[in-house]
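I have placed the structure first, in the form of structure tokens, so that the comments after it can refer back to it.
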Ligand code: MRU
């Protein structure tokens, strides 16, 4: 099955009334297939194994995991069962705060109005709200990009696109908006070792929409930025602390350091649901450690000796002073303005 034969807009998480349909992101770009998730345990596995991935997308998926959990609840005490499902979903991936945000939102609604219809409505609202949020991020980001007479060359890391959200994307939302307005020349996509989200997923999305994209090995960013080939860097985020320190895919911090060195603006694009004002700084953000097999092999082919040791943190934290602006759905803020803006927006 090819993607374009199926639909034109990328929707990684969909609900069909009784099950959740996920695009299997572990096999793209070679194979396009969807998987029907019918139980909350299946959803937890899908999040852990990265069939669905990207901070906002796993929040949306977890919300539907809670709907599935409700369907499984025994008569009598559905809330206790739902709390158990919430604990299972929370234990899947620790860094992206959208996961916890969505689960908490679903639990709050369930306690107030314990019904399947209400939970289904809330999960759908989270999904649709995320698409609208990404479009707003795209519009605000467009205004923040450097005003150059020539079309822009943007560099991104990992995949913060439609696949990583309910649709449209955060960093790639900015890219899509710039492309639509005729302001984009090209995207440089870091391949993003070890799981290659840039090479596999960002490149797939952009090729699908005929947006010019050049894939770089991660080691090439300094050369390309140093040669003046990049006007701005735009990345997504998994959790942003109150002071603006930002956790995103491993390698992001290195790109930010390079951008700072060469005087290239570095933007983070994310919804407010990625901002964790409970954490004063990035030091408190939990960093997921993943299996060393992700580094030892590619497509089952060993790259290193069997007995070598690996260190595989999935995310790093970019310190706020390296960030030019944080693009959210309500505007663009300097990292130091974020906490006050968050309080004004969300009362938190
Ligand atoms: O490990 P992943 O693929 O879930 O990591 C994804 C990222 O780091 C993205 O950049 C981030 O979630 C932002 S998604 C809009």
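The values are calculated or read from the model by the stated rules, or taken from the named source; none is laboratory data. On a predicted model such as this, the values are computed, not experimentally measured, just so you know. FYI the Cβ positions are ideal-geometry reconstructions off the backbone, even for glycines, and counts take in every protein chain you see.
Just checking, does the stretch 130-153 include any residue being outside any strand (DSSP E or B), on the phi > 0 side of the Ramachandran plot and at pLDDT 95 or above? No, the stretch 130-153 has no match at all.
Every test in (1) closer than 30 Å to residue 17 by Cβ; (2) in contact with a strand residue (DSSP E or B) (Cβ under 6 Å, 6 or more places away or on another chain) is passed by residue 108 save one, and that test is (2). Reported count of residues in the stretch 257-282, each being closer than 13 Å to residue 317 by Cβ, away from the ligand (no atom under 16 Å from the Cβ) and touching a strand residue (DSSP E or B) at 6+ places or on another chain (Cβ under 6 Å), is 2. Could you list, in sequence order, all residues of the stretch 313-348 that are touching a helix residue (DSSP H, G or I) at 6+ places or on another chain (Cβ under 7 Å), in a loop (DSSP other than H, G, I, E, B) and under 21 Å from residue 146 (Cα atoms)? Those that are touching a helix residue (DSSP H, G or I) at 6+ places or on another chain (Cβ under 7 Å), in a loop (DSSP other than H, G, I, E, B) and under 21 Å from residue 146 (Cα atoms): 323, 329, 330.
Scanning the stretch 38-82 for residues that are in contact with a strand residue (DSSP E or B) (Cβ under 6 Å, 6 or more places away or on another chain) and surrounded by fewer than 24 Cβ atoms within 10 Å (Cβ to Cβ) returns a single hit, 51.
Table: residues versus (1) part of a loop (DSSP other than H, G, I, E, B); (2) touching a residue at least 40 places away in the same chain (Cβ under 8 Å).
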site: 215; (1), (2): no, no
site: 223; (1), (2): no, no
site: 229; (1), (2): yes, yes
site: 240; (1), (2): no, yes
site: 294; (1), (2): no, yes
site: 311; (1), (2): yes, no
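The residues of the stretch 284-305 that are closer than 24 Å to residue 56 by Cβ and more than 15 Å from the ligand (Cβ to nearest atom) amount to a single one, 284.
Within the stretch 60-84, if we keep just the residues that are in contact with a helix residue (DSSP H, G or I) (Cβ under 7 Å, 6 or more places away or on another chain) and not in a helix (DSSP H, G or I), the residue that is farthest from residue 41 (Cα to Cα) turns out to be 74.
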